Structures are given as C-alpha cells and as structure tokens.
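First comes the structure, then the notes that go with it.
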2 protein chains.
Amino acid sequence: MKAYLAGPDVFLPNAAQNAAAKIKICAAHGLIGKAPLEDVTQISTGPPADMWRAIFRKDIEMMEACDLIIANLTPFRGASADAGTLVELGWFLGRQKPVFGYSNCAALFSERSQAQQAAVPDLIASVAVEDFGLPDNLMVPGAVELGGGLSITLPPDGLTRPFDALDIFEICVAQAARRLGLT
Amino acid sequence: MKAYLAGPDVFLPNAAQNAAAKIKICAAHGLIGKAPLEDVTQISTGPPADMWRAIFRKDIEMMEACDLIIANLTPFRGASADAGTLVELGWFLGRQKPVFGYSNCAALFSERSQAQQAAVPDLIASVAVEDFGLPDNLMVPGAVELGGGLSITLPPDGLTRPFDALDIFEICVAQAARRLGLT
C-alpha cells in the first residue's frame, strides 16, 4: 500500500534526506512511502503562477495514487498544523481512504492557542479558545480517528521532540501498518 | 443548494448573529446556508471527550448533507486559515463537491509567514517560506480553484477587513451562485 507522506517537511532545509528517511521507515513496516517532495524537485522553474499550479497538480495526482495518508501534524507557524497538510488530511477523509497522523509536539492546542494569542493578539476581542484537551482543532483528531481508527500519535513520554525528529513518525507508521493488517 | 459555511466564525463572541447574517446573505443569492454553529448549540455539556466527538459527528453529518462549501479562509492564530476549516475544505474537494472560499486579509501568505516567524521563531533554522504570491499555502488556493473554478475571494481594494466583516463573504457568495448557475 502506498502512503502519502504529508507534512511541512517539504520546507525543511534537508527535505530530501528527511523524505528518504521517512520512506525507509515506511518500507521497514511494509508500506511504500510517497513524499510530495519527489515531484516538486522535478518541476522546472517558471512564472510563480505556473509553478504552484504544477506542484498542486502533482500533489493531487500523488494523492490519487496513494492508498492512505500519514500526516505530520506538528504545529507549523501558528497554533495548528501546516495548512497544506490539513487540506490533504481532509481530502483523504473525503475520499474515504485511511487517515493517520502524528505530532512531535506534546503541548495541548488550547495551550498553544493561548501562547499564540500572547505573541500575536487576536484581531478582535473575546474570540474563544477551543479547549477539549486535544492536540489541535477538533476536526483534526476527528479526521484521524474517523479515517484511520486511531488517535493522533503523540510523544508517549509527554516530551516535545525537535521539529524534524522521526521517532514519533515511526511509532505512527508501525501503528498504521498494524491497523491495516500489514504487520 | 445547501452551502456549508465553514470558518472560525464559530469562535466569535457574537457567533450566532454572525451565522444568521451569513445565512441571510446566502438566501439573497439563492443558496441555503448551513452554519456548523446551529448544531453545536444543541449539544449538551458533558465530558470533553464526548462533547468534541459529538460536535465532530454533527459537523460531518452537516457536510454530508451540503452540496458545496463556502469557507472563511481569513488567517486565524497563525500564518494560515483555521485548521478545522482547512480539513473541511479538503473534505469537500475529496468528495468532489464545489469549493469556494474568501479571506478578509489582503496580505500575502509569504508576508504573514515572515511576520509569524518574527513573532514566534521557527523551531529550527532555515525552514523555507513558500512564496508564490498567494493568499495561503498553495494547497488552499489550489483546492478552491480545482473545486469551484474560482480564486479565493479577496478584498478587491487591497484593504484588509475586520475579522468579522461580511462584505467579502457576500462577494464570494455572489460569485459562487453565478458559477453554480443560480443567478
């Protein structure tokens, strides 16, 4: 089965090595990892409007060709996960393909939302903070639970990992493979 | 046709009035607006784990019952749109139901990403900023363009609106209704 490896990993300075390491971990658990990066690097430069549409089309094609998603839901430039990753997560749920996800961050969404408010105040007063003890907006763990039958994989020791650490990813892949009956 | 009115509007202090105003605007353009708030208010209090799952299930049911999405993609607590809204946007694209969206913010995603980095530094150095002159991560305008055939509706005068302003929403609804052949 092919797993779409969604995440802000594509923005890492060592994105290619990161993708290769993730694909290797997938292989060890019986999954074929597909990283969107692979195709981005094949797109030649050009006008921005041509480039982004080419990347988008390539990503959608790769998503269509994959059987499941394993999403890096580590918060990215704000209280929540990366925007592109969240669109992809929803797409897989809409397509009724299995959805799995992990986060390297141990802090609750409510805590991160408050920290974000403290750093960059909300534009209007008294906007609520969602507080259900979850790792992100309820639609995110909801999508993972409904789509794959598991919770978002979080650091089991409650310690936030470096942004590019892969040990929580590996736990997630192992759980997904078991859930899918591959191991 | 029923339009799912996704957005962080549910967190506004005047969320009920906001939802009513949006539904009225939809009606003026031949659309039946459905705001997720309607159902949230019917869910009784209880343990957080029961409450969020009840809200999630209600939202998914409402999404299933709707024919299209009109998403408020105004940035929310970070460089990008609200996380729940993005999952819903992807879901509608995955289901091949029409996708429309708007933002009250006139700043580019690259500018907002840099501002976010300045306020809350990235956790590791040299993480790239996506810079295609777009209003959000390319998956967001890509989903809107592929799903509904239009761009994300932005302030035509280049002036950012208050977070809860509805004039850009109304332009978006009018464009969506035309695109769907309702007007």
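Computed values, structure above
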quantity: Chain B: Cα Rg divided by the 2.2 N^0.38 Å rule of thumb; calculated: 1.04
quantity: Inter-chain shielding of B:150-159 (mean C-beta neighbours from other protein chains, 10 Å cut-off); calculated: 0
quantity: Amide N of the range A:148-173 lying under 11 Å from the label point, which is placed 7 angstrom from the Cα of B:ILE124 along Cα→Cβ; calculated: A:162-167
quantity: Average beta carbon contacts from partner chains per residue of B:8-18, 10 Å cutoff; calculated: 3
quantity: The protein assembly as shown: antiparallel DSSP beta bridges as a percent of all, rounded to 5; calculated: 10 percent
quantity: Per-residue mean of C-beta atoms belonging to partner chains within 10 Å, peptide A:71-81; calculated: 6
quantity: Shape category assigned to the range A:53-93 from the gyration tensor of Cα positions, a/c cut at 1.5; calculated: oblate
quantity: Prolate/oblate/rounded label for the range A:129-183 (Cα gyration tensor, a/c 1.5); calculated: oblate
quantity: Cβ-vector label at 7 Å, A:LEU146, separations to other copies in nm; calculated: 2.0
quantity: Distances in nm from B:ASP131 to the matching label points in the other copies, shortest first (labels 7 Å along Cα to Cβ); calculated: 4.0
quantity: The protein assembly as shown - mean residue ellipticity at 222 nm from DSSP helices (-39,500 (n - 2.57) per run, n ≥ 4, rounded to 500); calculated: -14000 deg cm²/dmol
quantity: P(r), alpha carbons of the range B:79-120 - 5 Å bins starting at zero, rounded %; calculated: 5, 18, 21, 20, 16, 12, 5, 1
quantity: For the B-to-A rotation axis, chain B residue with nearest beta carbon and its distance in angstrom; calculated: B:GLY78, 1
quantity: Three-way shape call for the protein assembly as shown based on the alpha-carbon gyration tensor, with the a/c threshold at 1.5; calculated: rounded
quantity: Extreme residue, positive dipole direction of the protein assembly as shown, given options B:PRO155, A:ALA3, A:CYS172 (C-beta unit charges); calculated: A:ALA3
quantity: Chain A, relative contact order in percent, only Cα pairs under 8 angstrom and at least six apart counted; calculated: 24 percent
quantity: Count of lysine pairs in chain B with Cα separation under 17 Å (8 or more residues apart, or interchain); calculated: 9
quantity: Share antiparallel - DSSP beta bridges, chain A, percent rounded to 5; calculated: 10 percent
quantity: Ordering of A:110-118, B:82-90 by packing [mean C-beta count within 10 Å, highest first]; calculated: B:82-90, A:110-118
quantity: Calculated label separations, B:ASP50, copies of the chain, 7 Å along the beta-carbon direction, nm; calculated: 5.9
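Throughout, read-outs are computed from the coordinates displayed, never taken from laboratory work. The structure displayed is predicted, hence computed values, not measured ones. Don't worry about glycine lacking a Cβ; one is built from the backbone with ideal geometry, like all the others, and counts go over all protein chains shown.
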